[in-house]
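The structure appears right after this line, and notes come after that.
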Amino acid sequence: MKITSVETMVIENVEPYRGGRYLLFLEINTNEGIVGLGERITGNTYSKRLKDLRSQIDLIEEYADEFLIGENPLNIEKIWDRIYASRHDFRHPSLHATPVISAIDMALWDIAGKVSGQPIYNLLGGQYHEKLRAYAYMPSGSPGGNFRDDPSIAGEIAQQLLEEGNSACKLDPFMPEYPIPRDIPLWEIEHAAKIFESIRQTVGNKLEVGIGTHGQLTTYSAIRVADFLQPYHPFWFEEPVPPENVDEMVRVAQH
């Protein structure tokens, strides 16, 4: 079996564009008619211009020409290693190159599953869990308004998430603002606490709630926020400070 071509597909998402305005997929075609499907995450690509995806598509086509055409798609590890080791830039995680490697890997495993007639988890060691726990992203808006504007709405949304079968969620209590990182004023922290208070008053401890801040806080503010919200037992504190600042991440974690 040989890879004969790689094609890309761009699909426009529906509002409110969760995961980006456009979704980018690739198909790896073989000479035996088996096709593998992979997705290259586009991130927050909310632009209305399709040409903004051109650089991502160009990189997929570049990888296809250099590493995929003519190869046996079942040599998944070999192909992955060739891509990863071929250039210095590819050996560093990024939102440009790494998602393309992931999309290719996904499509190759899709082919392997179709060739063997097995679900991919059987090829990776077999089923271990009957089901896996997932968490929901708490939408900031609801028919009743936005919980960042009116914290009392957060409890209603939490109740809805529970009724949908969720046992955990994540929310962003602070909107990203320039400059980053920034100090969060006390009134804004108190406002965030009211969001958690509304959730706990409505659903108690039945719903785990994680905090995401997009790395926008200073170390001082991150520690202050953690102390202030600790009584509400947040599930986690994601990217309290810019994640590339490892030393400051450690300081927050050790507090």
| Picking from 167, 221, which residue would you name as being among the polar types (S, T, N, Q) and surrounded by 17 or more Cβ atoms within 10 Å (Cβ to Cβ)? | 221
| request: Determine which member of the set 54, 40 is among the basic types (Lys, Arg), farther than 25 Å from residue 117 by Cβ and in contact with a strand residue (DSSP E or B) (Cβ under 9 Å, 6 or more places away or on another chain). | output: 40
| said: Checking the condition β-branched (Val, Ile, Thr) and under 29 Å from residue 248 (Cα atoms), which residue from 111, 184, 120 passes? | reply: 184
| Can you pull out the residues in region 136-188 that are part of a helix (DSSP H, G or I) and free of Cβ contacts under 8 Å to residues at least 40 places away in the same chain? | 157, 160, 163, 186, 187, 188
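Any chance region 225-241 includes a residue that's of a type in the set (D, E, K, R), in contact (Cβ under 8 Å) with a residue 40 or more places away in the chain and surrounded by fewer than 17 Cβ atoms within 10 Å (Cβ to Cβ)? It would help to see each step written out before you state the result.
So in region 225-241, the residues of a type in the set (D, E, K, R) come out as 227, 238-239.
Filter once more, keeping what is in contact (Cβ under 8 Å) with a residue 40 or more places away in the chain: 238.
Okay, now just the ones that are also surrounded by fewer than 17 Cβ atoms within 10 Å (Cβ to Cβ), so 238.
Yes, the conditions are met somewhere in region 225-241.
Yes/no per residue for (1) in the same structural domain as residue 92 (by TED's automatic domain parsing); (2) at pLDDT 95 or above; (3) β-branched (Val, Ile, Thr):
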site: 144; (1), (2), (3): no, no, no
site: 169; (1), (2), (3): no, yes, no
site: 176; (1), (2), (3): no, no, no
site: 190; (1), (2), (3): no, yes, no
site: 212; (1), (2), (3): no, no, no
site: 219; (1), (2), (3): no, yes, yes
site: 229; (1), (2), (3): no, yes, no
site: 244; (1), (2), (3): no, no, no
| task | State whether the residues of region 195-203 include one that is modelled with pLDDT of 95 or more and of a type in the set (Ser, Thr, Tyr). | result | yes
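The values are calculated or read from the model by the stated rules, or taken from the named source; none is laboratory data. No experiment lies behind these values; they were computed from the predicted model shown. A quick note on method: Cβ atoms are made from the backbone with ideal geometry, for glycine too, and the neighbour counts reach across all protein chains shown.
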